[in-house]
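Report on one structure; see the data block that follows.
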Amino acid sequence: MQVKTKGIVISETNYSETSKILNILTEDYGLIGVIAKGSRNMKNKLRGVSNKMNYCEYTISYKEKGLSTLIEGSTLNSFKNIYLDMRKAFYSFFLMDLFSQVLKENNNKKLFSLLENSLIKINDGLNEKLICVIVEIKLLEYLGVSLNMECCNICGRDDEFLTVSINDGGIICKNCYHDGYVFNDKTLKLFLLLAKIDLFKIKKLELTDDNAFNEIDKFLDEYYNFYTGIYLNKKDKLEMFR
Ligand SMILES: [Zn+2]
């Protein structure tokens, strides 16, 4: 069946002398495996649309089981600003890898628009570090271990918040606090804001407090480590950009 769908190449593997096998996260079919025949040849029409992070409208000979075949692609956004900025590029590639891991657990079609929007926002100049953290929080829902930031995870009240707890799975109030790290007010406020933000609607996003951000970032590393077995490896790679 020949189909047209928006898609983003999540990963690529060389196949034979001239081809590649791509994992494309598509808007209509979730993550699919696609062979891009001849795409490593200089003159092949698939060459420019079969690389990691290519975002295109793809025409695919689609098979529900087994490998589909890429027929053609037309670029929707070349993410020029991302490629011109090493830091943006690093964070964007980090997101690609994170999505690739999450998709192994949950091939949900909604993940397409989440990734699509994140990359567009980063390309449009929104702070890439904040976008990554917002996405990390959001992806926990798809991993079945949501971080509850709406009400105290122990008693259910929605005020007098004190801190966020890994063991309790989210925010807890002053009365229920038993042990563990306590965030200062600024950090907690930023954390609540980032957990609530609708990525699809934000137009402006600036990072004003690095310390607060780093604390949240670290917390999420530990949370992922504790509940998901996914290692958020951006710290090692990105140390030089901090
Ligand atoms: Zn409570």
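Would you list, by chain and number, the lysines whose Cα falls below 29 Å from the Cα of residue 37, excluding same-chain residues fewer than 8 positions away?
4, 6, 20, 45, 52, 63, 65, 80, 104, 109, 110
Please list, in chain and number order, the residues 5+ apart from residue 19 or on another chain whose amide H is under 5 Å from its amide H, with Hs placed from the backbone.
The answer is 38, 40.
Non-local amide H neighbours of residue 71 (under 5 Å, H modeled in plane, Pro and chain starts lacking H): which ones?
Result for residue 71 returns 59, 60, 61.
Using a simple spin-label model with points 7 Å from Cα along the Cα→Cβ vector, what separation in nm is obtained for residue 143 and residue 203?
3.3
Could you tell me the extents of the chain's C-alpha atoms along the three principal axes, largest first, rounded to whole Å?
Result, largest extent first: 65, 36, 30 Å.
Could you check how many percent of all C-alpha pairs in the range 1-134 are farther apart than 25 Å?
Tail of P(r) above 25 Å: 22 percent of Cα pairs.
Work out, step by step, the length gained on full extension between residue 18 and residue 3: first 0.36 nm times the residue separation, then minus their alpha carbon distance; give nm to one decimal.
Between residue 18 and residue 3, full extension yields an extra 3.0 nm.
Most exposed first by the Cβ proxy, i.e. fewest other Cβ within 10 Å, how do 55, 83, 15 rank?
With the fewest neighbours first, 55, 83, 15 line up as 83, 15, 55.
Of the peptides 131-138, 101-108, how do they stack up when ordered by the mean number of other Cβ atoms within 10 Å, highest first?
Details: 131-138: 22.4, 101-108: 15.8.
Result, highest mean Cβ count within 10 Å first: 131-138, 101-108.
As a check on your grasp of the helix formula, calculate [θ] at 222 nm for the chain: sum -39500 (n - 2.57) over DSSP H runs of n ≥ 4, divide by the residue count, round to the nearest 500.
It comes out at -11500 deg cm²/dmol, rounded to the nearest 500.
Can you give the Rg/Rh ratio of the range 175-238, where Rg is from the C-alpha atoms and Rh is the Kirkwood radius?
On the way: Rg = 13.6 Å, Rh = 13.7 Å.
Across the range 175-238, the Cα-based Rg/Rh ratio is 1.00.
Stick to Cα atoms and the Kirkwood definition of Rh, then tell me Rg/Rh for the range 2-75.
0.91
Can you divide the C-alpha Rg of the range 78-186 by 2.2 N^0.38 Å and report the result to two decimal places?
1.28
For the range 19-104, what relative contact order do you get, as a whole percent, if you take Cα pairs closer than 8 Å and at least 6 residues apart? Write out the running numbers ahead of the final one.
Details: 116 pairs, mean separation 18.2, N = 86.
Contact order relative to length: 21 percent.
So if I take the centroid of the Cα atoms in the range 98-157 and the same for the range 163-233, what is the distance between those two points in Å?
Between the Cα centres of the range 98-157 and the range 163-233 lies a distance of 13 Å.
Among 179, 97, 209, whose mean-square fluctuation peaks in a Gaussian network model of the chain (Cα, cutoff 10 Å)?
Among 179, 97, 209, the largest mean-square fluctuation in the Gaussian network model of the chain belongs to 179.
Enumerate the helices in the chain for which the Kyte-Doolittle hydropathy averages -1.0 or more and the C-alpha atoms extend at least 27 Å along the helix's axis, using complete DSSP H runs.
On the way: long enough: 86-105 (29 Å, 0.33).
Answer set is 86-105.
May I ask you to derive the relative contact order of the range 80-241, considering only C-alpha pairs under 8 Å and at least 6 residues apart, and to give it as an integer percent? Walk me through the numbers on the way to the answer.
On the way: 170 pairs, mean separation 36.0, N = 162.
About 22 percent, as a whole number.
Each reported figure results from applying straightforward, stated rules to the coordinates on display, with no laboratory input. Because the structure is predicted, anything quoted here is derived from the model rather than measured. Every residue, glycine among them, receives a Cβ derived from its backbone with ideal geometry; neighbour counts consider all protein chains shown.
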